[in-house]
Every structure is written in C-alpha cells, then in structure tokens.
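To start, the structure under review is shown below, and the notes come after it.
All of the numbers you see were taken from the coordinates with simple rules; none came from a lab. Please read all numbers here as calculations on a predicted model, not as lab measurements. Here the Cβ positions follow ideal geometry from the backbone for every residue, glycine too, while neighbour counts run over all protein chains shown.
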Amino acid sequence: MNEIEKNKGLFDKISGLIEQARKKVAITINQEMVVLYWNIGKTIKEEIMKSKRAEYGEKIVQSLTAQLTQKYGRGFSSQNLWYMVQIYDTYPILHAVRGEFKGLSWTHIRSLLPIKDDLKRQFYAILCQKEHWSTRILDERIGTMLYERTALSKLPEKTIENQLRELKEEDKMTPELVFRDPYVLDFLGLSDTYSEKDLERAILNALEKFIIELGKDFYFVARQKRITLDNIDYYMDLVFYHRKLRCFVVIELKLDKFRAEYKGQMELYLRYIEKYEMDEGENPPIGLILCSEKGKEQIELLFLPKDRIKVSEYLTKLPPKELFAEKLHKAILTAQISLKEGKEK
C-alpha cells in the first residue's frame, strides 16, 4: 500500500471540509450581493423620484452604467441596474428580500423578478431552493408554466400561502405540490398515433427526464408490476415511491378519455399496495391516472378522493403558450367558481 492509499481517508475528510467551506462562502457572497443590489436599487429609485419626468430615470441609469462599468467592470449594465430598481420596488423591506431569496444567486433572482404574482414567485423560489435548480432548469420550469399545472395553483390563496410556508419552514410536501395537471410529455418524441405500450415504453426510455418533471423525490420502483388476485393477473403500469410524502405512487396511462372503470382499477391497486406492500410508518398510496382527456362529469359523480386518486391530462406536444394559458385560466376559473358555490351551500 503506497502513501496515497494510506492517506485516502485523511484526504477525503479534508476534501469534505474544503467543499463545505466553499459552499458557505458562496452562499455568503450571494447574500451580500443581493443586499448590495437592493441598496443600489433603493438609491436609484429615490433619486428618480425627485423628478416627475420619465426620461430622467433613463438618463440616470445610462450615466451610471458608463461610470460604474468603467470603474468596476461587468455587472452594472442598464438592464442589470433596472433589475436592482425592480427588486427594491417588489420588496421595499430588505428583510423580505433576505427571506425570499436565501441561498439563490442573482441570476436566479433575475429570472424570478418578472413574475408579478407573489405566490407564484414564492413557489418557484422555494422549489428552486429545495431542489437546487440551476438557472436553466428554473427558466425551463417557468417557461412550461409548472406553477399553473400544479394542483396547488387551483386552491384558495390562503391555502396556497399556508402550504408554501409549511414547505419552506417544515419541508412539508403535500400532494397538491407534487402533482401536475396537465403533465407535459413533449420530450418523449412520439408520433401522432401510438399505443399505450408505446407511451409506456417511451416514458420508461426517458425515465430520467420524466422523474425530473415529477420532482426529485420520486424514486422508480417497477414497470408493469404484476399482482395476482383470484387467479387473475393484473399489471400496474408504473410504480414510484415519493420520499417526502412517504408513500407509493401508482401511475396508470390511458390513451382515451377518462372512464368510470379506471377508478375501480386504481382503487384495487391502491388497496393491494396498502395491504401487502406498505411498511409501518408509511402513508397510504396515491394513484395518478394520466388520460388524454378528462371526463369531468364522471369524475364529479364518482367523487374521486382528493388525496388518493388524481386524474391528469397528458400532452405529448407543448401547445402555444397563449393557448396553454387560456386553457389553464379556464380551469382555474372553474375551480374558483366551484369553491365559491361550495361555500354558499
């Protein structure tokens, strides 16, 4: 055994200490940079407010850009200075900025600032912190309207606030945060005509990307999991385990519109897992039925339990953002009307 092999344990320990220190330094630098940029934004805004002329602000920023870039180099472009003003406008209290963006880089924050909806911005900021998204992944999530596709976005504002606070402070994950509706499966590269087997095979071949879409806490368990009841074989399309929800998740893939029998099939699978697969301390399993189209009336009549069976639409091609937004806006309005009617009854 040479000296390098003898010292490997010592090297690993010291290497761990160095990496840990680097991360702490990076976090500290990011935090101080955000505070600096907030203060710069505050100072510029106060100067702009002295004049009522809109062009005055443009002149100030252009002049500052030239002077600051000459003395301090990159990082003080006109666009960046306006982002600094925007962070002050959005968060007039410095403490709020520290709490909202703790651990995020200025590049992350620049992607989040254009989001006008406070709850939506909080959602992306918290998920970004919890799942350690890169800026590229954050932009991708925002671009595919991840927030609008979560069950969470269709709940009352107070409920959204509470669930986001619990996620941030207690690391508590709820089904509304986990499940998306609709799922975007454009990465599968499928043609217009395909079978359920093709869909399942495509999902499994692109399993890594699919799990990223679901969230980092999903762990793949089985495909076409066979169970035998009364000498009849049944097959669960996909089975995952969710670490934070501490339960199994069964996914069934359907090419047609939702039908009533799909509920019974899923209930059978969930009860089987509950009886034969669950360990002590785990939560009951959850079912997700992916359909090409929801059967709204059937779902209402069947009264699918909110936290046990989810019915989501899947899309194999991402439609134009305007169409997507319109579709989701209608779904949100429908949910709000239903909630309002439920309260009035």
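For every helix of n ≥ 4 consecutive DSSP H residues, a contribution of -39,500 (n - 2.57) applies; sum these over the chain, divide by its total residues, and give [θ] at 222 nm rounded to the nearest 500 deg cm²/dmol.
Helix-only estimate at 222 nm: -18500 deg cm²/dmol.
Using label points projected 7 Å from each Cα along Cα→Cβ, tell me how many nm separate ALA222 and LEU207, to one decimal.
1.4 nm
Would you calculate the separation in nanometres between label points at GLU267 and GLU300, each defined as 7 Å from the Cα along the Cα-to-beta-carbon direction?
The modelled label-to-label distance comes out at 2.1 nm.
Return, for the Cα atoms of segment 164-310, the radius of gyration and Dmax in Å, separated by a comma.
My reading of the Cα-based Rg and Dmax gives 15.5, 49 Å.
Can you tell me the alpha carbon radius of gyration of segment 123-215 divided by the globular rule-of-thumb value 2.2 N^0.38 Å?
1.21
Relative to the present Cα-Cα distance, how much length would full extension add between GLU140 and LEU255 at 0.36 nm per residue of separation?
In short, 38.8 nm is gained.
Could you tell me what fraction of 2.2 N^0.38 Å the Cα radius of gyration of segment 1-91 comes to, as a two-decimal ratio?
Dividing the Cα Rg of segment 1-91 by 2.2 N^0.38 Å gives 1.79.
Sorted from largest down, give the three principal axis spans of the alpha carbons of segment 82-236, whole angstrom values.
The Cα atoms of segment 82-236 stretch 66, 33, 25 Å along their principal axes.
Just how far, in whole angstrom, is segment 67-82 from segment 221-263 if you go by their alpha carbon centroids?
Segment 221-263 and segment 67-82 have Cα centres separated by 55 Å.
Only Cα pairs within less than 10 Å get springs; with that Gaussian network setup on the chain, which residue of ILE309, ILE60, ILE126 has the largest fluctuation?
Looking only at ILE309, ILE60, ILE126, the largest GNM fluctuation is found for ILE60.
Please work out the FRET efficiency for the pair GLU58 and LEU315, using the Cβ-Cβ distance as r and a Förster radius of 35 Å; give the result to the nearest 0.05.
0.25
Roughly speaking, what is the stretch gain from GLU46 to SER292, that is 0.36 nm per residue apart minus the C-alpha to C-alpha distance, in nm to one decimal?
Full extension from GLU46 to SER292 adds 83.2 nm.
Could you identify which residue out of ARG271, ARG180, ARG308 has the top mean-square fluctuation in a GNM of the chain using Cα springs shorter than 10 Å?
Comparing ARG271, ARG180, ARG308 in the GNM, the peak value goes to ARG271.
Averaged across orientations, what area in nm² does the convex hull of the alpha carbons in the chain project?
Directional mean of the projected Cα hull area for the chain stands at 27.1 nm².
Compute the Kirkwood hydrodynamic radius of segment 124-164, taking the inverse of the mean of 1/r over all pairs of distinct Cα atoms, and give it in Å to one decimal.
The answer is 11.0 Å.
Need the full-extension length gain, LEU68 to LYS330, defined as separation in residues times 0.36 nm minus the C-alpha distance. One decimal, nm.
Stretched fully, the LEU68-LYS330 segment lengthens by 89.6 nm.
Simple spin-label model, 7 Å along Cα-to-Cβ: GLU166 to LEU17 in nm?
4.2 nm
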